[in-house]
Each structure stands twice: as C-alpha cells, then as structure tokens.
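Trainee: The structure under discussion is supplied below as structure tokens; questions concerning it will follow.
The values are calculated or read from the model by the stated rules, or taken from the named source; none is laboratory data. Remember, it's a predicted structure, so these values are computed and weren't measured experimentally. Glycine also receives a Cβ, built like all others from the backbone with ideal geometry; neighbour counts cover every protein chain displayed. SASA here: full protein model, heavy atoms, side chains in, ligands and nucleic acids out. Shrake-Rupley method; radii C 1.70, N 1.55, O 1.52, S 1.80 Å.
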Amino acid sequence: MLFVFHHLPLPMSDQSTLDRFQHARALFRSVIAKPEPTDLYDRQSWNMAGVHTVLTESLLSVYKQAEKITRHDEAAFSFYAFITVSGVTHHHMQEEEHYLPCLEPEFVRRYALMRRVFCIV
C-alpha cells in the first residue's frame, strides 16, 4: 500500500470533527466511569463503551498528529495510521458480522450507544 503525503497546509483539525471526538469520549467515559455492572446487558454496554473508548482515543491520536508529520516520519506514521484504522475496521466488522447478530433485539434497542454517538440511523 502506498501512502502519498503532500506538504501543503491541510485543515485537518477542524472544530466540528474535534467536537464529535469530544462528544464520543464524554459519552463512552460516562459509561465506563461506573463500576462494572452485574446485569448481563448492562455489562455488555459497559464493555463496549470501554473498547470504543480505546478506538476513539486511537483515532483521535492519528487525527491530531496527521498535520505535524515530517517527511522523515511519513513511513512510520503511515504504518501507525494503517494499523490504527485496520484495528477499528476489524473490530467493527467482527461486531457487525458476529457479535451484534447474537444479541437480542431488546439489547440493540436498549444500548444503541454507537448510533447516538455517530448519528447512525
């Protein structure tokens, strides 16, 4: 895979994108700030919020660093970004193909955390 960087100032860190990251972080952290629930369904939501916190923080790290990469660091950053995005992609493919179909419809209705965060209809 070839990554091409051009050295023009790009407006990567626009405020609306950063606001969405902050909203997601706050929402996920509000769930994981509580002790691990004993209820099976609540625990699944708590676990998912923890995983999505890691994914959100990882993507935010790539996003914030992207503007500041020097020519010397392009290869290393490309690999870092590729691994980060690949991890997020893999996680969501597994979630959509294997995890979510196993859940009861009530769970999906009750804990649609990703839908609220990312405005998925």
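Residues are listed down the side, and each one gets a yes or a no for (1) charged (D, E, K, R); (2) within 20 Å of the chain's Cα centre (by Cα); (3) within 27 Å of Gln15 (Cβ to Cβ); (4) open to solvent by 30 Å² or more (accessible area, probe 1.4 Å):
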| position | (1), (2), (3), (4) |
| --- | --- |
| Ser30 | no, yes, yes, yes |
| Pro35 | no, no, no, yes |
| Arg43 | yes, yes, no, yes |
| Asn47 | no, yes, no, yes |
| Glu57 | yes, yes, yes, yes |
| Leu60 | no, yes, yes, no |
| Lys64 | yes, yes, yes, yes |
| Arg71 | yes, no, no, yes |
| Phe77 | no, yes, yes, no |
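Trainee: Of all residues in the range 66-121 being part of a loop (DSSP other than H, G, I, E, B) and over 28 Å from Ser16 (Cα atoms), which is modelled with the lowest pLDDT?
Mentor: Residues of the range 66-121 that are part of a loop (DSSP other than H, G, I, E, B), as a first pass: 69-70, 103-104, 111-112, 119-121.
From what is left, the residues that are over 28 Å from Ser16 (Cα atoms) are 103-104.
Values: Leu103: 70, Glu104: 64.
The extreme case among them is Glu104.
Trainee: Can you confirm whether the range 34-49 contains a residue that is outside any loop (DSSP other than H, G, I, E, B) and within 21 Å of Ser86 (Cβ to Cβ)?
Mentor: Yes.
Trainee: So which residues in the range 79-94 are of a type outside the set (A, V, I, L, M, F, W, C) and open to solvent by 50 Å² or more (accessible area, probe 1.4 Å)? Step through it out loud before you land on a result.
Mentor: Residues of the range 79-94 of a type outside the set (A, V, I, L, M, F, W, C): 80, 84, 86-87, 89-92, 94.
Matches in the range 79-94: Tyr80, Thr89, His90, His92, Gln94.
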